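Working notes, structure below.
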Amino acid sequence: MNNILFATLDLDVIINNPVNVVLAVILVDIIALILARNNLVGQVIKEWYNKFTFGAFVADVSSITFGIYLSLLLFKYVIPEHIIPFNLFYFIISVVVIQLIHDLTFATIVKSYSEKQNNMVDVFKNYIDENDWKILIVDAIMMITSVILIYLFYYFDSVIIYTLLALSLYFAMFLIY
């Protein structure tokens with residue numbers, strides 16, 4: 001386990017394979033969809049997917065993907081490799097820190113909106129009221145799971161990745177609608 005967490009990864013390979021990143025995030029969001037559809041999570045997340053359907057899915061996938069790529073950008077252009085090497089452990093830490101900053105900032109912005117200014121914001125307000133601090137934990141789990149999948153996909157042949165992507169998008173449509 002120690003070797004897996006701290007083995008240096010090729011940052012450019014991950015950055016230059018966005019399909020691996022998007023596939024990982026889509027698979028994680030499919031899990032969220034399955035949980036929502038089977039009433040295993042709060043009511044507001046189910047409302048989120050029922051009300052905004054594919055838009056909710058795209059918003060979730062985009063948000064997680066953005067956090068991951070922000071972490072990759074930091075490792076590529078800001079964090080010196082000799083100080084913090086790019087490995088699975090630091091990749092996970094960085095995406096969770098970015099996610100925490102995002103969630104807390106986003107919650108502050110959402111709470112500043114008045115009711116009925118934006119339909120999505122209204123649902124997010126209810127989501128914050130329903131789940132409070134648990135959102136931070138769930139989102140961290142989603143980020144960590146995405147990074148672990150990206151790490152696994154690092155070793156997959158591209159034909160497998162593209163097949164999994166096609167299957168996951170196909171399956172997601174049935175869960176969304």
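Taking each residue of the range 94-121 that is within 21 Å of residue 148 (Cα to Cα) and looking for partners that are surrounded by 12 or more Cβ atoms within 10 Å (Cβ to Cβ) and among the charged types (D, E, K, R) with beta-carbon atoms closer than 6 Å, six or more apart or interchain, yields 99/139; 103/139. Among the listed residues 84, 160, 93, 135, identify the single one that is touching an Asp or Glu at 6+ places or on another chain (Cβ under 8 Å) and within 30 Å of residue 4 (Cα to Cα). 135 is the lone residue from the list that is touching an Asp or Glu at 6+ places or on another chain (Cβ under 8 Å) and within 30 Å of residue 4 (Cα to Cα).
Counting only helices (runs of 4 or more DSSP H) that sit completely within the range 1-55, those holding 1 or more residues that are modelled with pLDDT under 90, in contact with a helix residue (DSSP H, G or I) (Cβ under 9 Å, 6 or more places away or on another chain) and farther than 30 Å from residue 88 by Cα correspond to 18-37. So in the range 128-177, with the set limited to residues that are of a type in the set (Ser, Thr, Tyr), modelled with pLDDT of 95 or more and surrounded by 15 or more Cβ atoms within 10 Å (Cβ to Cβ), which one is farthest from residue 89 (Cα to Cα)? Checked the range 128-177; the qualifying residue farthest from residue 89 (Cα to Cα) is 168. Report yes if residue 4 is β-branched (Val, Ile, Thr) and either in contact with a Lys or Arg (Cβ under 6 Å, 6 or more places away or on another chain) or crowded, with 18+ Cβ neighbours inside 10 Å (or both), otherwise no. In short, no.
Here is a yes/no grid of residues against (1) touching a residue at least 24 places away in the same chain (Cβ under 8 Å); (2) in contact with a Ser or Thr (Cβ under 9 Å, 6 or more places away or on another chain):
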{"position": "11", "(1), (2)": "yes, no"}
{"position": "22", "(1), (2)": "yes, yes"}
{"position": "28", "(1), (2)": "yes, yes"}
{"position": "35", "(1), (2)": "no, no"}
{"position": "38", "(1), (2)": "no, no"}
{"position": "43", "(1), (2)": "yes, no"}
{"position": "46", "(1), (2)": "no, no"}
{"position": "50", "(1), (2)": "no, no"}
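The values are calculated or read from the model by the stated rules, or taken from the named source; none is laboratory data. On a predicted model such as this, the values are computed, not experimentally measured, just so you know. Glycine gets a Cβ as well: all are built from the backbone with ideal geometry, and neighbour counts include every protein chain shown.
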